[in-house]
Amino acid sequence: MKPPATTQGTAVNPSGLDLDSLHSGASQATEGTTNRTVDTHPILPQQPPLMDDYSFGDDDDDTDDFHLVEDDDELSWEAQNNPYGTSSSSPRSKKKEWLLRMSRKLNEIPEGELDPSVVPISAIMNAWAKTKSAQGASMVEMWLKRAQQEFDVGNRRVVPTTKMYTMAVDAWARSGEGGAAAQRAEALLQRMNELHQSGGHEALRPTVSIVRVWLVGKLRS
């Protein structure tokens with residue numbers, strides 16, 4: 001039998017995460033920083049936040065540390081169907097219009113009937129994540145919550161994935177909200193791991209990528 005993979009002499013547990021050890025390592029890396037107040041807001045918001053033009057940053061940012069969803073089939077939908085339209089509006093305005101249209105459409109769809117071929121969840125989450133704002137991160141979480149609700153009521157067309165959680169964690173890491181954002185990102189990582197451990201969520205297997213994104217966000221906080 002092939003021995004388990006190791007990292008610096010320590011066996012890697014492919015089915016779970018030792019967040020205590022990871023948290024300790026990140027804490028050592030950030031030793032000397034000031035303590036921040038614990039965020040008491042819900043991790044997955046019930047209502048979308050208010051939106052303003054400032055939340056909609058540039059669409060094309062080639063300086064991202066992580067290209068999380070380049071291979072995603074749902075994002076290829078975005079490229080093929082040009083959801084931002086063909087109007088002469090600026091890319092920022094077209095992006096805003098599309099995202100707001102998708103939010104309205106989501107509100108019209110009964111729970112259990114969401115179809116990713118009509119409403120491309122991953123593409124929408126990715127677009128919100130690119131705004132690099134607290135509002136954008138909250139919207140990524142809202143869509144993640146709806147994806148989980150669809151799965152929980154038996155809609156197998158919608159399957160929450162590690163990639164979705166990675167986008168949510170990364171959105172908070174880039175939101176500029178400091179320690180509060182780092183805590184929300186950690187709670188999302190913990191939630192994903194708990195769901196995977198509980199069974200029935202094979203698509204939520206922890207990966208190196210999501211841990212790396214979380215650690216980078218923590219170091220930024």
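The values are calculated or read from the model by the stated rules, or taken from the named source; none is laboratory data. Keep in mind it's a predicted model, so treat the numbers as computed, not measured. Here Cβ is always computed from backbone atoms with ideal geometry, including for glycine, and neighbour counts include all displayed protein chains.
Which of the residues that make up the stretch 167-206 are farther than 17 Å from Leu144 by Cα, surrounded by fewer than 23 Cβ atoms within 10 Å (Cβ to Cβ) and among the aliphatic types (A, V, I, L, M)?
Selection gives Ala180 alone.
For the stretch 208-221, give me each residue that is surrounded by fewer than 16 Cβ atoms within 10 Å (Cβ to Cβ) and of a type in the set (Ser, Thr, Tyr).
Ser209 - this is the single residue of the stretch 208-221 that is surrounded by fewer than 16 Cβ atoms within 10 Å (Cβ to Cβ) and of a type in the set (Ser, Thr, Tyr).
Give just the number: which of (1) hydrophobic (A, V, I, L, M, F, W, C); (2) at pLDDT 95 or above; (3) more than 12 Å from the chain's Cα centre (by Cα) does Ile121 not satisfy?
Unmet for Ile121, out of (1) hydrophobic (A, V, I, L, M, F, W, C); (2) at pLDDT 95 or above; (3) more than 12 Å from the chain's Cα centre (by Cα): (3).
Checking Gln149 against (1) crowded, with 18+ Cβ neighbours inside 10 Å; (2) closer than 28 Å to Lys95 by Cα; (3) more than 15 Å from the chain's Cα centre (by Cα): exactly one of these is not met. Which one?
The one condition Gln149 does not meet is (1).
May I ask you to list the residues in the stretch 159-198 that are farther than 27 Å from Ile109 by Cα and assigned to a loop (DSSP other than H, G, I, E, B)?
Of everything in the stretch 159-198, those that are farther than 27 Å from Ile109 by Cα and assigned to a loop (DSSP other than H, G, I, E, B) turn out to be Arg174, Ser175, Gly176, Glu177.
For (1) in a loop (DSSP other than H, G, I, E, B); (2) in contact with a Pro (Cβ under 9 Å, 6 or more places away or on another chain); (3) modelled with pLDDT of 55 or more, each residue gets a yes or a no:
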site: Asp64; (1), (2), (3): yes, no, no
site: Glu74; (1), (2), (3): no, yes, no
site: Tyr84; (1), (2), (3): yes, yes, yes
site: Lys96; (1), (2), (3): no, no, yes
site: Lys105; (1), (2), (3): no, no, yes
site: Leu114; (1), (2), (3): yes, no, yes
site: Gln148; (1), (2), (3): no, yes, yes
site: Gly154; (1), (2), (3): yes, no, yes
site: Arg157; (1), (2), (3): yes, yes, yes
